[in-house]
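What follows is a set of notes on a single structure, which appears directly below.
The values are calculated or read from the model by the stated rules, or taken from the named source; none is laboratory data. Note that the structure is a prediction, hence the values are computed from the model and not measured. Cβ: placed from backbone, ideal geometry, glycine included. Neighbour counts: every protein chain shown. Accessible surface areas use protein heavy atoms only, side chains included; no ligands, DNA or RNA. Shrake-Rupley method; radii C 1.70, N 1.55, O 1.52, S 1.80 Å.
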Amino acid sequence: ESITVGELALRLKATVAEVIKKLMQNGVFASINDEIDFDTASLVAMEFHAKVEKEVEVTIEEQIIDDSEDKEEDLETRAPVVVVMGHVDHGKTSLLDAIRHTNVTSSEAGGITQHIGAYQVKVNDRMVTFLDTPGHEAFTTMRARGAMATDIAVLVVAADDGVMPQTIEAIHHAKAAKVNIIVAVNKIDKPGANPQMVMEQLTKYGIVPEEWGGNVPCIPVSAKTGTGLNDLLEMILLVADMKELKANPNRPAKGVIIEARLDKGRGPIATMLVQNGTLHQGDIVVAGTSVGRVRAMTNESGREITSAKPSVPVEVTGLDSVPAGGDTFNAVSDERLARELVEQRRTAKKEEKFNARTKVTLDNLFEQMQLGDMKELQLIVKADVQGSVEAVTQSLEKISNDEVRVNVIHGAVGAISESDVMLAAASNAIIVGFNVRPDPVAEENAKRDGVDIRLYRVIYDCIQEIESAMKGMLDPKY
Ligand code: GDP
């Protein structure tokens, strides 16, 4: 139960120097990376009119086994988890439906297909899990809540339409999440289809097709006629093999909430994707600020099951409230501790402290660098014209130094949008705008999520400010 001086300063929203000074006044001599105990931290916090609470999380976390503790011999291959992204009307929903309908396992045939937010299909006796909320918004919202649910992104591009603004966004969202991309060039049944054009356009965004010497598989498909769907599924398995996706089924379950809702008769219902371990009926589960015992579990065919292994999505009843999509969940053994933890999270949530991870801003950049946890400064660039986007991106990436690499994860023309803020929140990025403004929703979300938005008119001002921030010499703003 200790905290470093730097971490304490961040949490108190004070500078490291101020904290060190207070410590000295209390007779404690410590520097930024030194750990101080709970009582000392409380003493300092009091001087900043803040309160330090012992976290029950510490005790309950002792029950939660870290993935790194899994022994190699306990690991088994698990199904890949796949998300489908792409521009509107390029066929994401059609593709998900077509895959689902042509690959229902015979034992499941006759079951009533339910929309639970994810489903599994059988391909050559192996399973693939699809998240069936298409689009990069859902994907990045989950990531912003700390959940890394997906292994592979299928990027759908219509062969008669080509790369469009949301295609580019999807590429940047997938790359920021470091998931593997497989391109599905869709609608090849259409007379105007031109897959070559699509692949050519994609290379401009760093997506180089395998057949041209790159590392991104591009599969021509038609969601309408079913052409190429098997090739796509087999490619997904091939990529999964390369990634050596494994999990340990013999441990308490952990995973992520895909979606959740309140049912009048059955109470809170959540779709949980198990990521490690096995979830059993009767398990005590903590999910975000919800807790409960797993009462009933059903799969996407509406059949009741008693356990769910890694990569299996299940609909679960028994929680005492509705968790949020993207919340992580853990099966734990001590019900009293679980309830205590959830109580504490609920209080923290009221005070907006739960989930509020410290986000990087130009003001705290230097401190975060000193703490040693900032190796890359992620930026999103929005501007009024394409020329500025490119010029700014180039200039910014040049100011990388030995300690920090400056990395523009997304750049585009237009106002700063909700989707930009989501990407920034999920990737711990700062947004810079040139002669553009955030739209009202984006502005509000940025404030809520602590995302730093910096607006400039001149490129030089931006470069200088970021350079100063990297040296810890930014003029304070009043
Ligand atoms: P989404 O917005 O990306 O989910 O796109 P949808 O799946 O709703 O598809 C948009 C439109 O394209 C619909 O009218 C589909 O019927 C049509 N569509 C989707 N895939 C194909 C395809 O492979 N061939 C043809 N001809 N039409 C398709």
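Can you tell me the length gained on complete extension of the stretch Thr102 to Asn230, counting 0.36 nm per residue apart and subtracting the Cα distance?
Fully extending the segment from Thr102 to Asn230 adds 45.1 nm.
Which whole-number value in Å² is the accessible area per residue of the chain, probe 1.4 Å?
Value for the chain: 48 Å² per residue.
Distance from the Cα centre of the range 121-198 to that of the range 356-414, in angstrom?
Answer, in whole Å: 25.
Exposed loop sites here are GluC sites (Glu not before Pro) in DSSP loop states with at most 15 other C-beta atoms within 10 Å. What is the longest stretch of the chain lacking them?
Maximal segment without exposed cleavage sites: 63-243.
Round to a whole number: what % of the accessible area of the range 356-458 belongs to carbon and sulfur, probe 1.4 Å?
Within the range 356-458, the accessible surface is 47 percent carbon and sulfur.
In debye, nearest 20: dipole of the range 116-239 around its Cα centre with unit charges on the Cβ of K, R (+) and D, E (-)?
Here the range 116-239 has a charge dipole of around 320 debye.
List, in order, the whole-Hz ³J(HN,Hα) value for each residue of the range 278-291 obtained from phi through the Karplus relation with A = 6.51, B = -1.76, C = 1.60 and θ = phi - 60°; use x for Gly and Pro.
Here the 3J(HN,Hα) series is 10, 8, 10, 4, x, 5, 8, 10, 10, 10, x, 9, 10, 8 Hz.
At 7 Å along Cα-to-Cβ for each site, give me the label-to-label distance between Asp34 and Thr113 in nm.
6.4 nm
What spacing in nm lies between the two simple spin-label points modelled at Lys471 and Asp334, each 7 Å away from Cα in the Cβ direction?
According to this spin-label approximation, the distance is 5.1 nm.
Please say if the range 285-356 is rounded, prolate or oblate, where rounded means a/c under 1.5 for a ≥ b ≥ c the square roots of the C-alpha gyration tensor eigenvalues, and otherwise the choice is prolate for a/b larger than b/c and oblate otherwise?
Note, shape of the range 285-356 comes out prolate.
Antiparallel versus total DSSP beta bridges in the chain: what percent is that, nearest 5?
Once the DSSP bridges in the chain are tallied, antiparallel ones form about 55 percent.
List the residues of the range 154-168 whose backbone N lies under 19 Å from a point placed 7 Å from the Cα of Met197 along the Cα-to-Cβ direction.
Answer for this model: 156-168.
Run down the aspartates and glutamates and flag those whose C-alpha is under 19 Å from the C-alpha of Lys375, throwing out any fewer than 8 positions away in its chain.
Glu7, Asp363, Glu367, Glu397, Asp402, Glu403, Asp452, Glu465, Glu467
Just the number, please: percent antiparallel of the DSSP beta bridges in the range 294-433, rounded to the nearest 5.
25 percent
Given H placed on each backbone N at 1.01 Å, which residues far from Ala324 in sequence or on other chains put an amide H within less than 5 Å of it?
The answer is Thr289.
Using the crude model of +1 on Lys and Arg Cβ and -1 on Asp and Glu Cβ, and no other charge, please compute the dipole size for the range 184-255 relative to its Cα centre, in debye to 20.
About 440 debye.
Projected area of the chain, taken from the Cα convex hull and averaged over every viewing direction, in nm²?
25.1 nm²
Enumerate the residues in the range 232-263 having an amide nitrogen under 11 Å from the point lying 7 Å beyond the Cα of Glu76 toward its Cβ.
Inside the label zone: 247-251.
Once amide H atoms are built 1.01 Å from N in the peptide plane, which residues 5 or more positions from Lys224, or in another chain, come under 5 Å H to H?
Lys187
Pick out, in residue order, every one of the chymotrypsin sites (Phe, Trp or Tyr not before Pro) in the range 85-185 that is DSSP loop and has at most 16 other C-beta atoms within 10 Å; say none if there are none.
Here no loop site has a sparse enough neighbourhood.
Of Lys187/Lys243; Lys13/Lys359; Lys92/Lys447; Lys21/Lys359, which pairs sit farther than 23 Å apart, going by alpha carbon to alpha carbon?
Result: Lys187/Lys243; Lys92/Lys447; Lys21/Lys359 exceed 23 Å.
Sort the range 229-343 into rounded, prolate or oblate with this rule: let a ≥ b ≥ c be the square roots of the eigenvalues of the Cα gyration tensor; rounded if a/c is under 1.5, and if a/c is not under 1.5, prolate when a/b is larger than b/c, oblate otherwise.
In terms of gyration-tensor shape, prolate.
Under the Karplus relation 6.51 cos²θ - 1.76 cosθ + 1.60, θ = phi - 60°, what is the ordered set of whole-Hz ³J(HN,Hα) values for the range 129-134, x standing for Gly and Pro?
9, 10, 7, 9, 9, x
Starting from the Cα gyration tensor of the range 118-165, take the square roots of the eigenvalues, sort them a ≥ b ≥ c, and report rounded, prolate or oblate (rounded when a/c is under 1.5, otherwise prolate if a/b is larger than b/c, else oblate).
oblate
Among Ser400, Asn124, Gly282, flag the residue with its Cα farthest along the positive direction of the charge dipole of the chain, charges on Cβ as +1 for Lys/Arg and -1 for Asp/Glu.
Gly282
Amide H to amide H, which residues 5 or more places from Ala118 or on other chains are under 5 Å from it, using H placed in the peptide plane?
Here Asp132 satisfy the definition.
Using a 1.4 Å probe and counting only protein heavy atoms, arrange Lys243, Lys175, Lys204 so the residue with the most accessible area comes first.
Lys204, Lys175, Lys243
Rounded to the nearest 20 debye, what is the charge dipole size of the range 297-417 about its Cα centre when +1 sits on each Lys and Arg Cβ and -1 on each Asp and Glu Cβ?
120 debye
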